[in-house]
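Have a look at the structure below before the remarks.
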Amino acid sequence: AIVMWFTHSTDSFPRDGVEKVSGYGAIPLITWQPFSRGGEPGYLLDYISDGGWDSYLRSWARDAKGCGKQILIRWGHEFNGYWYPWSVPANGQDPQKFIRAWRHVHDIFEQEGATNVKWVWCPYHLSNPDEPWNDPLLAYPGDEYVDWIGLDGYNFGTSQGWSEWLPFRSIYASLIRMYSTAFPNKPIMIAEFASTEDGGDKASWIDELAPALADMPQIRAVVWFNTQKETDWRVNSSQSSLQAFRRFVENEMIIKGAGGLWDLPERYRGPENWWPTAEPQSLPFHVYSDYLARGNHFYPTGWMGDYTDITMDEQCTENPHSGETCIKVTYSGASRQKYWAGVYWQNPANNWGMTDGGFNLSGATKLTFWARGERGGERVQFKMGGIAGYYPDSTVATLGTVTLTENWQKYEIDLSEKDLSYISGGFVWVAKAEAGYNPEGCTFYLDDIVYE
């Protein structure tokens with residue numbers, strides 16, 4: 001079992017709470033929020049990375065080590081939501097700042113010998129704002145800095161003006177596929193979840209938890225948010241809800257003590273054949289070489305964001321890098337709805353993971369492509385993989401945002417440590433219509449996109 005509570009950056013190490021929870025036979029999960037109880041916006045990530053908290057952090061780490069108990073720490077949770085001062089949106093829209101701060105905190109605990117602590121990296125289930133730079137995967141500190149993958153998400157029902165009733169599967173199924181694909185060696189925890197009574201049958205919602213979790217064996221722990229906040233999340237919000245929750249915790253899959261949660265297998269990937277398998281493709285393997293070339297294996301059908309602002313010509317003859325044609329992309333940025341747009345190259349066309357169409361690209365060590373801007377200075381993000389759905393890609397890799405020049409330049413996404421056994425999302429570009437990016441839109445060219 002796990003007992004979770006919240007603490008702030010003005011709080012000392014909660015030794016009494018840790019000892020009490022451990023005495024119950026449960027594992028303490030401390031959600032450590034890097035701000036004061038007043039929520040001052042001055043608690044930003046650069047200050048942490050630059051050592052502003054070091055004396056406090058070292059004191060905390062020594063106390064954690066000294067208590068001698070197994071502890072889970074969820075530091076800086078929901079970092080992809082604008083509502084927290086440690087979030088990526090509140091820190092220059094730069095996920096690297098979150099990574100640096102996380103690693104800095106983690107390193108101090110390592111230096112102090114607090115090896116009884118394990119770390120839970122925990123995004124919210126939806127990024128807000130939903131922008132390319134706010135993709136949680138861009139803020140992942142690295143396998144050596146993370147022990148658990150956490151996810152938060154709720155069924156708000158009709159309790160809010162913007163919300164609707166969502167079953168547990170609707171919130172989490174595709175996320176679990178994506179995150180278990182991206183992090184096959186990490187156990188997954190639902191670190192905050194609950195349901196309202198408003199807009200549906202809460203007891204039935206709870207009754208569906210056990211069969212849903214049985215279908216998602218990557219989830220090794222769940223933590224119910226048992227409080228009254230935006231709505232009444234408590235398990236005893238009604239007698240029927242309480243009875244349903246009691247049925248749930250009596251299910252044979254529920255671990256009654258802490259055993260089995262701490263010493264997990266090094267590799268946990270769920271059932272075999274989670275994604276289809278096929279023989280590796282011969283290399284090089286093209287996404288695009290020339291218009292309608294027989295060696296092109298993916299289709300640019302996954303239009304996203306403000307997609308009506310996109311014009312794309314796959315048979316452009318304006319100074320191709322090689323061959324007879326290149327791809328000309330114009331993103332006007334005129335709609336100003338999501339302030340971004342992008343296109344996925346997919347197989348088969350329009351496949352968002354609902355069709356078995358991925359290629360086994362094992363053996364490739366990089367994805368290379370050539371790009372140039374119409375004027376120079378265009379800022380575009382490039383990546384591959386990341387398709388979720390029933391047939392998820394086996395990995396995701398990003399180059400981040402690059403600034404193009406007027407001349408053709410070769411770019412490379414490193415795939416040397418990636419699992420490429422199933423890829424249906426071969427290539428993707430994303431551009432933003434914001435200050436510092438492309439406030440007036442942009443035009444750029446692509447050519448010779450190939451796995452090598």
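The values are calculated or read from the model by the stated rules, or taken from the named source; none is laboratory data. Computed from a predicted model, the values in this text were never measured in an experiment. Because the Cβ atoms are built from the backbone with ideal geometry, glycine has one as well, and the counts that use them run over all protein chains shown.
Only residues that are hydrophobic (A, V, I, L, M, F, W, C), more than 23 Å from PRO28 (Cα to Cα) and either under 14 Å from the mean Cα position of the chain (by Cα) or surrounded by 21 or more Cβ atoms within 10 Å (Cβ to Cβ) (or both) were counted in the range 174-208, giving 7. With GLY426, GLY386, GLY436, GLY400 as the choices, which residue is closer than 30 Å to ILE171 by Cβ and surrounded by fewer than 17 Cβ atoms within 10 Å (Cβ to Cβ)? Just a single option satisfies the conditions, and that option is GLY400. When residues in the range 346-382 are screened for being over 23 Å from ASN319 (Cβ atoms) and surrounded by fewer than 16 Cβ atoms within 10 Å (Cβ to Cβ), 8 of them pass.
Taking the condition of being within 28 Å of ASP419 (Cα to Cα) and either in contact (Cβ under 8 Å) with a residue 60 or more places away in the chain or assigned to a loop (DSSP other than H, G, I, E, B) (or both), how many residues in the range 154-206 meet it? Matching residues across the range 154-206 total 14.
Of everything in the range 136-170 that is at pLDDT 95 or above and of a type in the set (Val, Ile, Thr), the residue that is surrounded by the most Cβ atoms within 10 Å (Cβ to Cβ) is ILE149. No other residue among VAL396, VAL402 is without any contact (Cβ under 8 Å) to a residue 40 or more places away in the chain, farther than 17 Å from ASP356 by Cα and hydrophobic (A, V, I, L, M, F, W, C) apart from VAL402.
The C-beta contact set for the range 58-73 (first residue farther than 18 Å from MET4 by Cα, second residue part of a loop (DSSP other than H, G, I, E, B) and among the aromatic types (Phe, Trp, Tyr), distance under 9 angstrom, 6+ apart or interchain) comprises SER59/PHE13; ALA61/PHE13; ARG62/PHE13; ASP63/PHE13; GLY66/PHE13.
Within the range 328-345, does at least one residue satisfy the condition of being free of Cβ contacts under 8 Å to residues at least 40 places away in the same chain, over 22 Å from ASP135 (Cα atoms), surrounded by fewer than 22 Cβ atoms within 10 Å (Cβ to Cβ) and β-branched (Val, Ile, Thr)?
No, that holds for no residue.
In this structure, ALA214 does satisfy being farther than 23 Å from TYR124 by Cβ, surrounded by fewer than 20 Cβ atoms within 10 Å (Cβ to Cβ), among the hydrophobic types (A, V, I, L, M, F, W, C) and out of contact with any Ser or Thr (no Cβ under 6 Å at 6 or more places or on another chain). Taking the range 409-452 as the range and being of a type in the set (Gly, Ala, Ser) and under 26 Å from GLY353 (Cα atoms) as the test, the residues that pass are SER416, SER421, SER424, GLY425, GLY426, ALA431.
Does the range 1-49 hold any residues that are of a type in the set (Val, Ile, Thr) and modelled with pLDDT under 85, and which are they?
Restricting attention to the range 1-49, the residues satisfying the condition of being of a type in the set (Val, Ile, Thr) are 2-3, 7, 10, 18, 21, 27, 30-31, 48.
Across the range 1-49, the qualifying residue is only THR10.
Strands (runs of 3 or more DSSP E) fully within the range 352-452 that include at least 1 residues being at pLDDT below 95: 379-385, 396-403, 425-432.
Name every residue in the range 109-135 that is of a type outside the set (A, V, I, L, M), surrounded by fewer than 18 Cβ atoms within 10 Å (Cβ to Cβ) and touching a Gly at 6+ places or on another chain (Cβ under 8 Å), in order of residue number. The answer is ASN116, ASN128.
The sole residue among TRP60, TRP5, TRP102 that is outside any loop (DSSP other than H, G, I, E, B) and either of a type in the set (S, T, N, Q) or surrounded by fewer than 19 Cβ atoms within 10 Å (Cβ to Cβ) (or both) is TRP5.
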